[in-house]
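Note sheet for the following structure.
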Amino acid sequence: MSSRTRFPLYFLNSKSYLMKKKNEVYVDKTYRLTDAVAPLAYMIPTRNSRSFPLLYWDEEKGLNRALRYSRNQNSPFEDEQDGNVIVEPVIFEDGLLTVPRQNQVLQKFLHYHPLNGKSFEEVNLEKDASKEMESLETEVDALIEARSLSLEELENVCRVAFGRSTDRLSSAEMKRDVLMFAKYNPTDFLRILQDPELRFNSKVQKFFDSGMLTTRRNESEVWFSTPTNKKKM
């Protein structure tokens with residue numbers, strides 16, 4: 001017999017499974033509605049029906065499996081539930097739903113629910129913080145760029161972003177307006193700044209401001225408006 005002990009394959013598999021189960025941590029989870037304005041109470045479908053098919057596509061089994069929430073069951077799938085089913089409503093109050101770690105079947109039901117990611121989502125503080133950091137970094141980048149603009153660049157951005165003449169604006173007014181625009185619309189500001197046609201678009205707007213160009217037919221046509229040229233472009 002070899003000096004190295006050989007364990008049966010089934011023993012190794014069962015051992016890894018037990019380790020996985022042992023390391024699994026159950027936590028309370030909170031879910032929120034994705035709409036900006038949430039109703040006082042919002043109920044989601046809790047069982048498969050003709051009016052709202054509650055199905056989950058199982059890749060391993062190659063079939064659609066019907067979902068049903070029943071607190072006295074261990075699985076959210078109908079084909080794994082017994083006949084003693086007690087269907088309960090799932091209601092978001094003020095846009096939120098907190099599910100304790102002891103209610104694993106509801107957490108699983110919400111995970112597989114077809115409205116997950118559409119009408120509601122799990123609150124992920126780390127993900128939220130990452131998104132907020134990304135938004136703040138974009139805002140900082142935009143403000144730094146806005147602060148470093150020359151007078152000519154300020155005029156170009158004002159004409160393109162606001163579509164108005166800069167003739168009666170002081171440099172301080174232009175800088176203030178551009179900084180405010182960069183703060184509250186950082187993505188749009190950076191997009192305008194990176195547009196290779198910024199200077200060209202600024203000149204076009206300047207022609208409109210001076211009256212050298214005009215629009216007709218609900219702004220569908222552009223016409224020259226100089227003493228010697230009144231033609232359509």
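Each value in this text was obtained by applying a stated rule to the coordinates, not by laboratory testing. If you're wondering where the values come from, they're calculated on a predicted model, not measured in any experiment. Virtual Cβ from ideal backbone geometry, glycine too; neighbours counted across all protein chains shown.
Modelled spin labels at Asp35 and Asn84, positioned 7 Å past Cα toward Cβ, are 3.8 nm from each other.
On the beta carbon distance between Ala172 and Glu132, with R0 = 41 Å, the FRET formula returns roughly 0.85.
Measuring from centroid to centroid over Cα atoms, what is the spacing of segment 32-49 and segment 118-194 in Å? When both Cα centres are located, 34 Å separates them.
Need the full-extension length gain, Asp58 to Ser119, defined as separation in residues times 0.36 nm minus the C-alpha distance. One decimal, nm.
Values: separation 61, 0.36 × 61 = 21.96 nm, distance 2.15 nm.
Once the chain is fully extended between Asp58 and Ser119, it gains 19.8 nm.
For the residues Lys118, Lys183, what sequence is obtained by ranking on other C-beta atoms within 10 Å, fewest first?
By the 10 Å Cβ count, ascending, the order reads Lys118, Lys183.
How would you rank Ile86, Ile192, Ile44, going from fewest to most other Cβ atoms within 10 Å of each one's own Cβ? Don't jump to the answer; show the numbers that get you there.
Numbers: Ile86 9, Ile192 17, Ile44 22.
Result, fewest neighbours first: Ile86, Ile192, Ile44.
Starting from the Cα of Asp28, step 7 Å toward the Cβ, then list every residue of segment 90-130 with an amide N under 16 Å from that point. Within reach of a label on Asp28, which here means backbone N under 16 Å from a point 7 Å along Cα→Cβ, segment 90-130 contributes 93, 96-104, 107, 123-125.
For segment 94-99, putting each phi into the Karplus relation 6.51 cos²θ - 1.76 cosθ + 1.60 with θ = phi - 60° gives couplings of 6, x, 10, 9, 9, 10 Hz, in residue order, rounded to whole numbers and with x for Gly and Pro.
Computed 3J(HN,Hα) for segment 179-184, one whole-Hz value per residue from the Karplus formula 6.51 cos²θ - 1.76 cosθ + 1.60 where θ = phi - 60°, is 5, 5, 5, 5, 5, 9, glycine and proline marked x.
Once the other residues with Cβ under 15 Å from the Cβ of Ile86 are scored (Lys, Arg +1; Asp, Glu -1), what is the net sum? Can you show the working numbers first?
Numbers: positive: Arg47, Arg68, Arg71; negative: Glu78, Asp82, Glu88.
Net charge around Ile86: 0.
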